[in-house]
Amino acid sequence: MSRDVGAGASPAMTRRTLLVAACGVLAVGVVAMPAAADSNVRTLADGRLAVRVNRIPELSRVGGAVYVGTVKGTPVGVVRATGGYRAMSLRCPHQGVPVRRDESGWVCPAHGSEFTAAGALELGPATTGLARVASSLKGGTLTVG
Ligand code: FES
C-alpha cells in the first residue's frame with residue numbers, strides 16, 4: 001500500500017534535513033568542542049594538535065567521533081576507527097562550510113550534505129567525503145596536522 005505525500009511536503013525532507021535547516025539559522029561557523037576533548041587537546045608550537053585520544057570518552061568506542069580543534073585554520077575531527085584513529089577536515093568539501101556533529105555523523109548547515117562519523121559521504125550536494133588529515137599515534141596521543 002502506498003502513502004500519498006501531502007502538498008508542500010517533500011519525500012526527500014527528512015528529520016535530519018529539518019534539523020539542518022534549523023541549525024543553519026543559528027549557524028555561526030563554530031563547532032563546539034565537548035569539555036572532555038577540550039581538556040585533552042594541546043596546540044603544539046608548529047600548529048599541529050596533540051590529542052590524548054585515550055582520555056576522550058567519545059573516542060572510547062569504534063565509530064565515536066569528536067571535533068578536536070583547528071590546524072592552520074581548518075577545523076579538525078577525530079574518529080575512532082577499527083584498528084586506530086583517523087583525523088579529518090571538518091570543512092565541507094562542497095563550499096568549505098564547517099560541518100557539525102549530529103547523532104549519526106556530520107552535517108553541513110549550509111546546504112545539507114551529510115557524512116558518516118568517519119567522514120564518508122552520505123548525501124550531497126558534496127561529491128566527496130571529508131578530507132583526511134595526517135595523524136600519527138604514539139603512547140595514547142594522536143598528533144594531528
Ligand atoms: S557547503 Fe556544505 S553542502 Fe554546501
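Give GLY119, GLY112, GLY96 a once-over and let me know the one that is in contact with a helix residue (DSSP H, G or I) (Cβ under 9 Å, 6 or more places away or on another chain) and on the phi > 0 side of the Ramachandran plot.
Among GLY119, GLY112, GLY96, only GLY112 is in contact with a helix residue (DSSP H, G or I) (Cβ under 9 Å, 6 or more places away or on another chain) and on the phi > 0 side of the Ramachandran plot.
Go through the range 68-100 residue by residue and tally those that are under 20 Å from ASN54 (Cα atoms) and within 16 Å of the ligand (Cβ to nearest atom).
2
For a quick check of your reading: which strands (runs of 3 or more DSSP E) sit entirely within the range 44-145 and have at least 1 residues that are of a type outside the set (Val, Ile, Thr) and either crowded, with 20+ Cβ neighbours inside 10 Å or at pLDDT below 95 (or both)?
49-52, 65-71, 74-81, 84-89, 105-107, 114-116, 135-138, 141-144
Scan the range 120-145 and report the pairs whose first residue is closer than 16 Å to VAL53 by Cβ and whose second residue is open to solvent by 60 Å² or more (accessible area, probe 1.4 Å) and aliphatic (A, V, I, L, M), with Cβ atoms within less than 7 Å and a gap of 6+ or a chain change.
Qualifying pairs under 7 Å: GLY145/ALA134.
Among the residues of the range 101-126, write down those that are of a type in the set (S, T, N, Q), in contact with a strand residue (DSSP E or B) (Cβ under 7 Å, 6 or more places away or on another chain) and more than 8 Å from the ligand (Cβ to nearest atom).
THR116
The values are calculated or read from the model by the stated rules, or taken from the named source; none is laboratory data. Owing to the predicted nature of the structure, the values given are computational and were not obtained by experimental measurement. Neighbour counts are summed over all protein chains in view; Cβ atoms, including those assigned to glycine, are modelled from backbone coordinates with ideal geometry. Areas reflect the complete protein model, heavy atoms only, side chains present, ligands, DNA and RNA absent. Shrake-Rupley method; radii C 1.70, N 1.55, O 1.52, S 1.80 Å.
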